[in-house]
Amino acid sequence: GGAITLGLLLYVLFALIRRKKAQKYWSARKAEFIARNPTYGYATSKKGFIDNWRSHEFPALLGGGKEGQGMVYVDHAGAALPMRSQLTKGLEQGTVEVLCNPHSSGPGAGRTKALLDDARHRVLNHFSKRPRAFNLMFTSNCSDSLNVLSSSFAFETGSHLIFARNSHTSVLGCREKVKEAGGQWLCLGLDEMEKPGQHWPVPTSPSLVIVPVECNFSGRIADVKRIISILRDISDLYFVAVDIAKYSAFHEIDLWDMGADFAVGSFYKIFGAPTGLGFLLMKRTAAAGVVMPRYFGGGGVSAVLPDEDFVVLRKNAEEVFERGTVNFRGILSLKWGFESLDDLGGVKAMRDHVECLSREFRRSMKLAGGGEVQFHCQESSCSIISFSLKSRGEWIGYNEVLNLAELNEPPIQMRGGCFCNQGACLEALGCDGEKVKGWLKAGHVCGDSLDIIEGERTGAIRVSFGRESTFEDVESVVQFFQLHFFLRGEAAARDEVGTSEVRSPQSVTLKSIYVYPIKSCAAMPVEAQWPLDDGGKLRFDREFCLVDASGVAMRLNRYPKMAKINSAIDLEREELTVSAEGFEDLKIDLKGVEGDAEVISVCSNTCKAHYMESEECAEWFERVLEVKCFLAREVKGEGTFANEAPLLLLSSGSLKRLNEIAKKRGRKEVSELSFRPNLVVDGGGLDSLSNIEDSWTKLTIGTVEFEVKGPCSRCNMVEVDPVRGQHGKGGVLRTLGEYRRDRGQIYFGQFITSGNAKGQNMAIGDNVHAS
């Protein structure tokens, strides 16, 4: 006993020495933070202090890699991250052992089955001090577990399904099962669930209550024991399932002590890997009479006949409900997930670490943002911090925050929206169901980027920390909000750029004309003049597009090699020549139209197009881009391959000012081709004016009158090098985001259209008059 105690003391001493060595790199703020939070960092764990292993185990995160650059990851409520050593050990196991289908026989199958039994016992022991009291079924995820449970539960007339308002969408989906059986469903607030009263119906048939132990929106933890006690007093026909998907990440769980009959969750929420593996735990005494499989699969029957309604199921619940061959490689990798947890000192050590960071983040955000931050989370929440932001009395949409976070240096991964928890979200935002129906009519659906409708929020922002999160992560996220929202960094950048009082500069001319015969491929510069079609569209501009095997138009930001496909049009011969370095030219006759019209998707819009039937044509593009694709031509009057308007205009002054700011930031300068304009105007002092085209409503180019339709919202396509056909590092959007941001969108250039353009020409050097 004395030797063990001495060994433990020496281990702790060496751990503290390792932490001491890391101290010389700490900032004063970090040293002060650790002094206030002694449980931060796992200093006394087998793994050691976090600063000593974070960059090795998570090289893609901030501080990892050779240059210490990486992402700040604060979306652990969405998915935990696996350690490098955890993944490596799982991979090595699959290479040094022959893992087989456990339904087979032989040495490999026998060994695999034994390992699966070990994994099953490890999971059961993790979730209950009485593991033999439960059956464990492996599923594909938590949603699948809920589907299996609700599909198998003995719902009938007189049954009830009751769930909390702050439940995940996957819980709400279970109500379809009770409806099919003729039963009823009821949604209660968590406050109601934790109190006895007449709001609880008295069931006459087996009924199921589903409780989210920890809310994935607010972090609120339910008093499950109290809820179960209330239900047991009402009727023994009530059975309770707990959703522990979020709670299991940072809390020790004993389902026997909790009193739950069923539990569901996903392992990636705990260990980060494997994904696609969930669990359904059933208390044996509860499951015996109220769950019965309504489907059987391979490995789940003792006998079955194909031409007679005869089947005898196996007595082992796991074999019956798992329905076929389980994800045995994923299940066996759980061993290394549990090992990674143990190396940090267990679940409690992880919770202590994460709570330190969550407290610090809330504290720092309150100090930095004051009344402009509205928290939606519980003060006691371990890892979830959900909130909304205001600026100048107006709500800031989550999409605006996410877009800027992606462009931040370092980039930040957080979450925005309702997080698949509509009930908790609406309660936090002070909205009701009618509001959601109105949002749907306005075009807002779950998971989209429509974050503000008529001045109201449609979602919130969520930051959630994990076992590998660090003080530096907290500082990076707080500094991000300070820069863009609290210290008015955007306003400072706008002041630096400056604005002009000149509205209609004189002697402006058309400097450049670009035609893009194939959408997302390289620009074709016009040397002299070019004819116009309806709406002011340059003839043959975006007349063609490349379509993938699923009927979706290919875009440059996904296929950057498209920038290296050049086009040249001979107007007299009406012939398109397509070229790429290292390949023979491809000739396409523009006079003929090939093939039947088919529906394709172009930037989420449906259009009709003629597929070019030439095999030579399809093979040429497939060789160049190394992906199966087809050339398609626009059908007039059946949708357009262009974006919001026929022409995109840019001024030389806007580009010059962008590059001036980029240079000050140490970022790469870009050419006008990065923005894929059709027209670039110059002269008349435009090179000293920043985005003067924003103030124009009408303009005349040569003899053609145009109307300005609005600004062009930019995406990461501008990061593709238009010459090399390679992705950049986000510098263009980062720079634009500092001074060209408006409600989550970054604008640069203006769309224009014309009603009197057809049959006219546009030429380099044409005079431009704007108003």
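The values are calculated or read from the model by the stated rules, or taken from the named source; none is laboratory data. All figures in this text were calculated on a predicted structure; none of them were measured in a lab. As a convention, Cβ positions derive from the backbone with ideal geometry for all residues, glycine included, and neighbour counts pool all protein chains shown. Areas reflect the complete protein model, heavy atoms only, side chains present, ligands, DNA and RNA absent. Shrake-Rupley method; radii C 1.70, N 1.55, O 1.52, S 1.80 Å.
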Worksheet entry | By accessible area with a 1.4 Å probe, ligands and nucleic acids excluded, highest first: order of Trp336, Trp256 | Trp256, Trp336
Fill in: Stretchable slack from Asp585 to Glu456, in nm (0.36 nm times residue separation minus alpha-carbon distance)
41.0 nm
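Would you work out the Kirkwood radius for the chain? I mean one over the mean of 1/r across all pairs of different Cα atoms, in Å.
On the way: mean 1/r = 0.0331 Å⁻¹.
Kirkwood hydrodynamic radius for the chain: 30.2 Å.
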Practice prompt. At a 1.4 Å probe radius, which order do Lys30, Lys129, Lys511 fall into by accessible area, largest first?
Written response: Lys129, Lys511, Lys30
Practice prompt. For the stretch 193-269 and the stretch 705-742, compute the distance between their C-alpha centroids and round to whole Å.
Written response: 49
Worksheet item: Based on the alpha-carbon gyration tensor of the stretch 546-595 and its eigenvalue square roots a ≥ b ≥ c, which shape applies: rounded if a/c is under 1.5, prolate if not and a/b is larger than b/c, or oblate?
Response: oblate
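Ala35 to Thr606: FRET efficiency via 1/(1 + (r/R0)^6), r the Cβ-Cβ distance, R0 60 Å, to the nearest 0.05? Display every interim value, and only then the final one.
On the way: r = 61 Å, r/R0 = 1.01.
In this case the efficiency is close to 0.50.
Could you order Arg741, Arg676 by accessible surface area, starting with the largest, using a probe radius of 1.4 Å? Mind dumping the intermediate values first?
Values: Arg741 10, Arg676 45 Å².
Largest to smallest exposure gives the sequence Arg676, Arg741.
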Fill in: Helix axis angle, 471-481 relative to the chain longest principal axis, alpha carbon, degrees
40
Item to complete: Please give the contour-minus-distance gain from Ile234 to Ser27: 0.36 nm per residue of separation, less the Cα-Cα distance, rounded to one decimal in nm.
Response: 68.7 nm
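Pop out the carbon and sulfur fraction of the accessible area of the chain as a percent, whole number, probe 1.4 Å. Kindly include the intermediate steps, with their values, before the conclusion.
Numbers: 17480 of 34720 Å².
About 50 percent, which is the carbon plus sulfur part of the accessible surface.
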Discussion item. Which of the three applies to the stretch 626-667, rounded, prolate or oblate, going by the alpha-carbon gyration tensor with a ≥ b ≥ c and a/c under 1.5 meaning rounded?
Written reply: oblate
Worksheet, complete the sentence: Honestly the stretch 667-771 on the Cα gyration tensor test (a ≥ b ≥ c root eigenvalues; a/c under 1.5 rounded, otherwise a/b vs b/c for prolate or oblate) is just prolate
Worksheet item: How much accessible surface does Val202 have with a 1.4 Å probe, in Å² rounded to 10?
Response: 100
Fill in: Calculated from backbone phi, Karplus (6.51, -1.76, 1.60) coupling profile of the stretch 243-254 in Hz, x at Gly/Pro
8, 10, 4, 7, 4, 5, 5, 9, 9, 6, 10, 10
Worksheet item: Roughly how many Å is it from the Cα centre of the stretch 689-703 to that of the stretch 630-681, as a whole number?
Response: 15
Worksheet item: Which lysines have a Cα less than 27 Å from the Cα of Lys664, not counting those fewer than 8 places away in the same chain?
Response: Lys66, Lys511, Lys656, Lys729
Item to complete: Go ahead and estimate [θ] at 222 nm for the chain from helices alone: -39,500 (n - 2.57) per DSSP H run with n ≥ 4, summed, over the residue count, rounded to 500.
Response: -9000 deg cm²/dmol
Worksheet item: What does the accessible area of His103 come to, in Å² to the nearest 10, when a probe of 1.4 Å is used?
Response: 100
Worksheet item: List the lysines whose alpha-carbon lies under 23 Å from that of Lys437, not counting same-chain residues fewer than 8 positions away?
Response: Lys179
Worksheet item: So what are the ³J(HN,Hα) numbers for the stretch 153-167, from phi and the Karplus equation (6.51, -1.76, 1.60; θ = phi - 60°), rounded to whole Hz, Gly and Pro as x?
Response: 5, 7, 5, 7, 4, x, 7, 10, 10, 10, 9, 7, 4, 8, 7
Worksheet item: So if we plug the beta-carbon distance of Ser205 and Val312 into 1/(1 + (r/R0)^6) with R0 = 45 Å, what FRET efficiency do we get, rounded to 0.05?
Response: 0.95
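Could you give the length gained on full extension between Lys729 and Arg743, defined as 0.36 nm per residue of separation minus the Cα-Cα distance, in nm?
Values: separation 14, 0.36 × 14 = 5.04 nm, distance 2.31 nm.
Computed gain between Lys729 and Arg743 is 2.7 nm.
Set the Förster radius R0 to 30 Å, insert the Cβ-Cβ distance between Lys441 and His251 as r into 1/(1 + (r/R0)^6), and round the FRET efficiency to 0.05. Kindly include the intermediate steps, with their values, before the conclusion.
On the way: r = 41 Å, r/R0 = 1.36.
Computed FRET efficiency for Lys441 and His251 comes out at 0.15.
How much area per residue is accessible in the chain when the probe is 1.4 Å and only protein heavy atoms are counted (Å²)? Kindly include the intermediate steps, with their values, before the conclusion.
On the way: 34720 Å² over 771 residues.
Counting only protein heavy atoms, the per-residue value for the chain is 45 Å².
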